[in-house]
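Below is one structure; the comments refer to it alone.
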């Protein structure tokens, strides 16, 4: 099968968009895992929550005659702050009491929280998928490469810029800000950080709020770029983002970002050369293989047990 350079370039662009989504959602998992050595499985459903309310915000804005950049900014703010509030509520009601448990009670509780969120969205939406008219899908640039016209839309530019700014901002913030230094201290040794006067409970709460906000941004991307959301989509997309953190290195932020783009690249290559019907099967098989060959991931350190905390 022959592919032109333009077709391959378009697929690379598409892969970058998917990678932007996966990396932002993977960061949500990695931030919490690094600081608690536990996995919270609710972020896929938090992403769905953000996607639903981003659509609601755009439609409300359209009702007031605002269906441009203003509606887009409103949708982003609603998705980010709404999902952050949801994460704070879940932490106070369910997660906080289980953070220090040596069992997997926190992970199990997060499954329950995710089910509550998805079922609430199902009831609210009547079990129907929610759709949004195309936003900013006009072509911003085109290029003819090998007889194939590569198209770049304004929304693709927005998504890539948003992912780049947030990822870079997070990495710089963790490295240089006071909150970032506190996060790194707690992630390295929570007990020692407590002895040094760090309010670890507050740090963990802020981390969960930040992770939830990143999940909300991922939901915003799904809503405004793809246009359709469903109450059940958080399960598969959340698992894929979780696998992205494993690919990059569990508990490493840079690894989560890298893993998101690696996973998106694998999906894009598979969809380009093979049947898309077997794409998810291939993705999960590849993740299992990575587990077997390099369980700590591409950038991760050897996995820690509870007594390492």
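Considering the range 141-150, the residues that are exposed (fewer than 14 other Cβ atoms within 10 Å of the Cβ) and within 30 Å of the chain's Cα centre (by Cα) include one that is farthest from residue 72 (Cα to Cα), namely 142. Residues in the range 117-135 include none that are more than 22 Å from residue 225 (Cβ to Cβ) and touching a helix residue (DSSP H, G or I) at 6+ places or on another chain (Cβ under 6 Å). Does residue 266 satisfy the condition of being touching a helix residue (DSSP H, G or I) at 6+ places or on another chain (Cβ under 9 Å), more than 19 Å from residue 174 (Cβ to Cβ), surrounded by 14 or more Cβ atoms within 10 Å (Cβ to Cβ) and free of Cβ contacts under 8 Å to residues at least 24 places away in the same chain? Yes. One residue is enough: does the range 59-77 have a residue meeting the conditions on the phi < 0 side of the Ramachandran plot, buried (at least 16 other Cβ atoms within 10 Å of the Cβ) and free of Cβ contacts under 8 Å to residues at least 24 places away in the same chain? Within the range 59-77, one or more residues are on the phi < 0 side of the Ramachandran plot, buried (at least 16 other Cβ atoms within 10 Å of the Cβ) and free of Cβ contacts under 8 Å to residues at least 24 places away in the same chain. Among the residues of the range 92-104, those identified as surrounded by fewer than 15 Cβ atoms within 10 Å (Cβ to Cβ) and part of a helix (DSSP H, G or I) are 92, 93, 97. Exactly one residue out of 162, 166, 171 is over 25 Å from residue 70 (Cα atoms), touching a helix residue (DSSP H, G or I) at 6+ places or on another chain (Cβ under 8 Å) and at pLDDT 85 or above, and it is 171. For residue 89, the conditions (1) crowded, with 19+ Cβ neighbours inside 10 Å; (2) under 12 Å from residue 208 (Cα atoms); (3) free of Cβ contacts under 8 Å to residues at least 24 places away in the same chain all hold with the exception of (1). Every condition in (1) within 21 Å of the chain's Cα centre (by Cα); (2) under 27 Å from residue 162 (Cα atoms); (3) in a helix (DSSP H, G or I) is met by residue 270 except one, and the failing one is (1).
Among residues of the range 160-176 being closer than 16 Å to residue 80 by Cα and in contact (Cβ under 8 Å) with a residue 60 or more places away in the chain, the one that is surrounded by the fewest Cβ atoms within 10 Å (Cβ to Cβ) is 162.
The values are calculated or read from the model by the stated rules, or taken from the named source; none is laboratory data. Note that this is a predicted model, so its numbers are computed, not measured. Note that we place each Cβ from the backbone using ideal geometry, even for glycine, and neighbour counts take in every protein chain shown.
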